[in-house]
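Structure record follows, encoded as structure tokens.
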Amino acid sequence: MNNTSSNSSEFFNGDAESGNLLWQYVQSMTPETISQLSKPNSTEVFQVMERNIVGLLGNLPSEHFGITVATSRENLGRLLASAMISGYFLRNAEQRMNFERSLQRAEPHPSDAS
């Protein structure tokens, strides 16, 4: 028997003691924080996130199809968690890339040594 569904259900629905921590965390954010976290700094990160979401939801052109997405609360919670983890990973990768670029610009070139 697959135990994954019951484990994820416990995580997203929470129990009486801990409640739904992810939902509480998101609700505790200010609108400014949510706005800042929702907008990537670079077009590359935006494009990766867009491709990720299209891959999860599908890519039918809306001008030719009446698209409706229906899901359960549990699956929507999984989608939210996945998007948050992906965004966190991409943001860290973007910061690392910018840091490495800064270090490369700061390193002396061999031609500068003479």
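Readers should treat all values here as calculations from the given coordinates under stated rules, not as data from a laboratory. Everything numeric here is computed off the predicted structure, so don't read it as measured data. Here Cβ is always computed from backbone atoms with ideal geometry, including for glycine, and neighbour counts include all displayed protein chains.
Annotations
- Inter-probe distance in nm under a simple model that places probes 7 Å from Cα toward Cβ, at residue 54 and residue 36: 3.0
- Extension gain, residue 98 back to residue 64 (0.36 nm per residue minus Cα-Cα distance, nm): 8.2 nm
- Loop GluC sites (Glu not before Pro), the stretch 54-111 (other Cβ atoms within 10 Å of the site Cβ: 16 or fewer; DSSP): 63
- The convex hull built on the alpha-carbon positions of the stretch 54-114 has an orientation-averaged projected area of 7.1 nm².
- Couplings 3J(HN,Hα) for the stretch 89-95, derived from phi with the Karplus relation 6.51 cos²θ - 1.76 cosθ + 1.60 (θ = phi - 60°), are 4, 5, 5, 5, 5, 5, 4 Hz, where x marks Gly and Pro.
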